[in-house]
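S.K.: Encoded as C-alpha cells, here's the structure I'll be asking about.
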Amino acid sequence: MGLSKTIWAQPCEHLRFADPEHPVLYFSPAALQAAARRFLDGFPGLVTFAVKSNPEEAVIQNLDAAGIRGYDVASIPEIELIRRIAPGAALHYNNPVRSRAEIRRGAELGVRSWSLDSRSELDKLADLVSPKGHEVSVRFKLPVKGAAYDFGAKFGATAELAAELLARAATLGFIPSLTFHPGTQCTDPMAWDAYIRAAARIAAAAGVGIARLNVGGGFPSHRNAGMAPPLEAIFALIDRVTAEAFGSARPALVCEPGRGLVADAFALATRVRAVRDGGHLFLNDGIYGGLAELPLIGLVDRIEVRDADLRPRSGAREGRVVFGPTCDSVDRLPGQVPLPADIAEGDFVIWHGMGAYCTVTNTRFNGFGDMEIATVLRLAD
C-alpha cells in the first residue's frame, strides 16, 4: 500500500485507465486542506489532528501545509512520525496510559502535554518528568449519548476523581488542564454543552484555574447523503458555552479532530466479485480491510455504483446483503446496503467519506487487502 505519484482528475479517470481488481483509496489533498481551513477558521482555539485516524505521510504533509500546528499522538511511532514531517509542531500525548519507557522517550522527543485519568499514571508521570513547562490534562467522562460509539468505555475519570487529580497536578507544579472526548461521529452538539459545563464544575471543585480545555475529537464527517454536518454550529456552541460556564476564568480551547478533518478527503473504490444467484453481493474488500469501521459505527450511504465501463447505475435502490472477499462468515457489512437493483459482477462501488481509519485497520487477512492509494484533484465528477 502506497501513494501513487500520478495525479488524476478524479476517481473514474484512474478506474478507466487501471481497471483495478484490488480496492483503491482516492485521496484529494485539496479536499483535506479545505477541511483544515474550515477548522482553523471556525474553531475558537488550537486545532490539532488525531494522528491515529490516518497516519499517511501525505496527510501530515498537507495538514502542515494548511496550517495545522498541533497533533494528538498516542504512541512513540506517531510522535516520531510528526517529529520527522512537522518538527516544530506541538505534541499532545493523549493516550492516558503509557509505559515508563514511553514517557521517557516522549519527553526526549519534546512532548510537553500529557493526558491521564488515574492516580497511578499521575504518580508515574511525576516520577519521570519535571513538572515545569509540562501540562497535565486530566481526562474525564460523563454518561452522555449522541455519538456513534462511546469513548468513555475505556478512558476517563469520574468527575470526583478528575477534581482530585487536577488539584494534585497543580500542587505538583504541572500546568493543570482538562480534556474529554464526546465519542466518535458525535452529531449532537449538546454533548459538548454537557461536557464543558461539567469541566467548569470540576475545576471549581478542585479550586484550580485550568489553562486549557481540550474538547476532544468526535466532530462528525459527512457519512450520510444529504446535508453535511453543521460544524460551524458546533464551533459556535463550544465558544458560547465555554464563556457561559467559565466566565472570566475561561481557559484556552483545544480540539483534536481525526475523522472530522480527514474522512471526507478520501473515497474508497471497491469492486463486485460476484452476485450470488442474483442475491448476495461479494466485494473485493470488507470488514478485514478498508470497511472495518462499518460494523462499529454504521453504514456510509454516500455510495455511487458504476458499471465496468464507468457508467452510473441508475436502477432503483434495494437492500442487499454484502460480504467481503475472505472465507470468514463474519466478513459481512451490517444490515443491508442500499444498492441499485441492476448492480452486476465487475461493477465499481465507490464509498465516499472513507479517509478515517480505512488504511490503519487493513489486516490483510486471508491474503486480501492489497489496497492502492491514488491522488486525485477532486473526488467527484
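S.K.: Specify which of the listed residues (Ile103, Ile60, Ile68) is buried (at least 17 other Cβ atoms within 10 Å of the Cβ) and either under 18 Å from Val360 (Cβ atoms) or not assigned by TED's automatic domain parsing to the domain that holds Phe155 (or both).
M.R.: Ile60
Let's see how each residue does on (1) outside the structural domain of Gly70 (by TED's automatic domain parsing); (2) under 30 Å from Pro44 (Cβ atoms); (3) among the β-branched types (Val, Ile, Thr); (4) out of contact with any Leu (no Cβ under 9 Å at 6 or more places or on another chain):
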site: Gly258; (1), (2), (3), (4): no, yes, no, yes
site: Ala269; (1), (2), (3), (4): yes, no, no, no
site: Ala274; (1), (2), (3), (4): yes, no, no, no
site: Gly279; (1), (2), (3), (4): yes, no, no, yes
site: Phe282; (1), (2), (3), (4): yes, no, no, yes
site: Tyr288; (1), (2), (3), (4): yes, no, no, yes
site: Ala292; (1), (2), (3), (4): yes, no, no, yes
site: Pro295; (1), (2), (3), (4): yes, no, no, no
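S.K.: Does Glu21 satisfy the criteria of being surrounded by fewer than 18 Cβ atoms within 10 Å (Cβ to Cβ) and in the same structural domain as Arg212 (by TED's automatic domain parsing)?
M.R.: The answer is no for Glu21.
S.K.: Okay, next question. How many residues are part of a loop (DSSP other than H, G, I, E, B) and either acidic (Asp, Glu) or touching a Ser or Thr at 6+ places or on another chain (Cβ under 7 Å) (or both) when one looks only at region 186-195?
M.R.: 1
S.K.: On the basis of being outside any strand (DSSP E or B), surrounded by 19 or more Cβ atoms within 10 Å (Cβ to Cβ) and in contact with a Pro (Cβ under 9 Å, 6 or more places away or on another chain), does Ile234 make the cut?
M.R.: On the way: outside any strand (DSSP E or B): yes; surrounded by 19 or more Cβ atoms within 10 Å (Cβ to Cβ): yes; in contact with a Pro (Cβ under 9 Å, 6 or more places away or on another chain): yes.
Considered against the rule, which asks whether it is outside any strand (DSSP E or B), surrounded by 19 or more Cβ atoms within 10 Å (Cβ to Cβ) and in contact with a Pro (Cβ under 9 Å, 6 or more places away or on another chain), Ile234 comes out as yes.
S.K.: With region 251-298 as the region, which strands (runs of 3 or more DSSP E) entirely inside it contain at least 1 residues that are closer than 22 Å to Pro11 by Cβ and in contact with a strand residue (DSSP E or B) (Cβ under 6 Å, 6 or more places away or on another chain)?
M.R.: Filter on region 251-298 gives 266-276, 280-283.
S.K.: Check whether at least one residue in region 205-212 is under 22 Å from the mean Cα position of the chain (by Cα) and either farther than 22 Å from Ala356 by Cα or crowded, with 16+ Cβ neighbours inside 10 Å (or both), and report yes or no.
M.R.: yes
S.K.: Checking Ala267 against (1) small (Gly, Ala, Ser); (2) more than 19 Å from the chain's Cα centre (by Cα); (3) buried (at least 24 other Cβ atoms within 10 Å of the Cβ), which single condition isn't satisfied?
M.R.: Answer for Ala267: the failing condition is (2).
S.K.: I would also like to ask the following. When region 196-219 is examined, which residues are found to be touching a helix residue (DSSP H, G or I) at 6+ places or on another chain (Cβ under 9 Å), in contact (Cβ under 8 Å) with a residue 40 or more places away in the chain and either basic (Lys, Arg) or in a helix (DSSP H, G or I) (or both)? Spell out the reasoning first.
M.R.: Applying the first criterion (touching a helix residue (DSSP H, G or I) at 6+ places or on another chain (Cβ under 9 Å)) to region 196-219 yields 196-210, 213, 215-219.
Next cut, in contact (Cβ under 8 Å) with a residue 40 or more places away in the chain only: 196-203, 205-210, 213, 215-219.
Passing the criteria: Ile196, Arg197, Ala198, Ala199, Ala200, Arg201, Ile202, Ala203, Ala205, Ala206.
S.K.: Output the residues belonging to region 364-377 that are touching a residue at least 40 places away in the same chain (Cβ under 8 Å) and either not charged (D, E, K, R) or not assigned by TED's automatic domain parsing to the domain that holds His352 (or both).
M.R.: Hits for region 364-377 are Phe365, Asn366, Phe368, Gly369, Met371, Ile373, Ala374, Thr375, Val376, Leu377.
S.K.: Let me ask you something else. Hey, Asp309 hits all of (1) in contact with a helix residue (DSSP H, G or I) (Cβ under 8 Å, 6 or more places away or on another chain); (2) free of Cβ contacts under 8 Å to residues at least 12 places away in the same chain but one; which does it fall short on?
M.R.: The one condition Asp309 does not meet is (1).
S.K.: Can you tell me which residue among Ala356, Ala316, Ala341 is surrounded by 13 or more Cβ atoms within 10 Å (Cβ to Cβ) and of a type in the set (A, V, I, L, M, F, W, C)?
M.R.: It is Ala356.
S.K.: Which members of region 158-183 meet the condition of being touching an Asp or Glu at 6+ places or on another chain (Cβ under 9 Å) and assigned to a strand (DSSP E or B)?
M.R.: Answer for region 158-183, where residues must be touching an Asp or Glu at 6+ places or on another chain (Cβ under 9 Å) and assigned to a strand (DSSP E or B): Ile175, Pro176, Ser177, Thr179.
S.K.: Please report, ordered by residue number, the strands (runs of 3 or more DSSP E) entirely within region 1-106 with at least 1 residues that are touching a residue at least 12 places away in the same chain (Cβ under 8 Å), within 26 Å of Gly133 (Cα to Cα) and touching a helix residue (DSSP H, G or I) at 6+ places or on another chain (Cβ under 7 Å).
M.R.: 46-50, 70-73, 90-93
S.K.: Would you be able to say whether some residue in region 140-151 is buried (at least 24 other Cβ atoms within 10 Å of the Cβ) and either in contact with a strand residue (DSSP E or B) (Cβ under 6 Å, 6 or more places away or on another chain) or not in a loop (DSSP other than H, G, I, E, B) (or both)?
M.R.: Yes: one or more hits.
The values are calculated or read from the model by the stated rules, or taken from the named source; none is laboratory data. The structure displayed is predicted, hence computed values, not measured ones. Cβ atoms come from the backbone with ideal geometry, glycine included; neighbour counts cover every protein chain shown.
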